[in-house]
Amino acid sequence: MHILIASNNTPHGQTALEYGLGLVKQTGAACTLVHVINRPEERPSGLAVLQAQVEQAQQLGLKPRAELRLGLPAEQIVHLAYEADTDLIVMGGGTPEKLLSRLIAPASERVLANAPCPVLMVRGAARLPKRFLVLHSGAEALRTLPLFLQRAGSILLPGSQVVLLHVMSQIGASHQVSGWELYADADELMRNKTLEGEWLEQGLAFFEPYKGVTTTAKVRHGLVVDEILAEVRQGDYDLVVLGSHRGGTWQDLLIDNVAKQIAGRTQLPILVVQRQV
């Protein structure tokens, strides 16, 4: 596994650096530190920032590769992720903001929309993940879950707990869904071999190779975003994993979708897995 840590000389950047280095030490992954400068004259200060980060990593017994890049932060991070065949990008998520409060996407969203691998946005008083809330969106999740596990499954260590959450919404329910299903729990849906139950069983099966990892399927009923946020508030989770459908340009992420709303309304670290069309 190769982790790319993109951080800057800010409190959010330092939080991402500490979190990323903790993941590297915990998983034994290879690591690259990247710092992006906007102008050539910033090279001395940029090198000083990188050197301080390398020294911080060395204090943990790590030997990271360091990259100083010139240009737009999002572009350079994504380019390096492709070049280095990165499995996971770790970066600061900043403070959640409402979509309409700005005119252009910040660097984190541009990276999310274009990265070749999952992106983990760190925010708040983050702790290394042991309890995962993995959002199961039905058929779409059966495409994104394998991508998450293929690239970043190494962060699931023995002792980890995974809750696979599916939200049953009357608004989005298919005409094939029986009325009782809109109130059933995960066990009932799986026991009765409903479509959602089969999706949940297939989702759980993806985690079977991970020995020592406990997995549980859970269903909530109501509005999708509201129920996910309620679960986040009520559960003692360390990381939210969700999938995001991607059309090919960073503007495609700037829509009122579930991934956008969840990322903007919780302080937990968010790991986004993109599926490109």
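The values are calculated or read from the model by the stated rules, or taken from the named source; none is laboratory data. No experiment lies behind these values; they were computed from the predicted model shown. All Cβ positions, glycine included, derive from the backbone under ideal geometry; neighbour counts span all protein chains shown.
Does region 36-53 contain at least one residue that is closer than 17 Å to ARG127 by Cα and free of Cβ contacts under 8 Å to residues at least 60 places away in the same chain? Quick ask: steps written out before the conclusion?
Applying the first criterion (closer than 17 Å to ARG127 by Cα) to region 36-53 yields none.
The answer is no, given that none of the residues of region 36-53 is closer than 17 Å to ARG127 by Cα and free of Cβ contacts under 8 Å to residues at least 60 places away in the same chain.
Pick from region 237-277 the residues that are part of a strand (DSSP E or B) and at pLDDT below 80: which of them is nearest to PHE132 (Cα to Cα)? Explain how you work it out, then say what you get.
If we filter region 237-277 for residues that are part of a strand (DSSP E or B), which is where we start, we get 239-246, 270-276.
Retained after the next criterion (residues that are at pLDDT below 80): 244-246, 275-276.
Values: SER244: 17, HIS245: 21, ARG246: 23, ARG275: 20, GLN276: 24 Å.
Here the answer is SER244.
Exactly one condition in (1) crowded, with 17+ Cβ neighbours inside 10 Å; (2) assigned to a helix (DSSP H, G or I); (3) in contact with a His (Cβ under 9 Å, 6 or more places away or on another chain) is not met by LEU47; state its number. So the condition that LEU47 fails would be (1).
For region 197-212, enumerate the residues that are of a type outside the set (A, V, I, L, M, F, W, C) and either closer than 15 Å to LEU145 by Cβ or not in a helix (DSSP H, G or I) (or both). Please lay out each step first, then the result.
Residues of region 197-212 of a type outside the set (A, V, I, L, M, F, W, C): 197-198, 201-203, 208-212.
Once the filter is applied, which keeps residues that are of a type outside the set (A, V, I, L, M, F, W, C) and either closer than 15 Å to LEU145 by Cβ or not in a helix (DSSP H, G or I) (or both), region 197-212 yields GLU198, GLU201, GLN202, GLY203, GLU208, PRO209, TYR210, LYS211, GLY212.
Filtered by the rule that a residue be surrounded by fewer than 20 Cβ atoms within 10 Å (Cβ to Cβ) and not in a loop (DSSP other than H, G, I, E, B), region 122-148 gives ARG131, GLY138, ALA139, GLU140, LEU142, ARG143, PRO146, LEU147. Inside region 4-35, residues that are farther than 12 Å from VAL122 by Cβ and either in contact with a helix residue (DSSP H, G or I) (Cβ under 6 Å, 6 or more places away or on another chain) or in the same structural domain as PHE148 (by TED's automatic domain parsing) (or both) make up a count of 7. For region 213-236, a residue qualifies if it is among the small types (Gly, Ala, Ser) and either over 20 Å from the mean Cα position of the chain (by Cα) or not in a strand (DSSP E or B) (or both), and the qualifying residues are GLY222, ALA230, GLY235.
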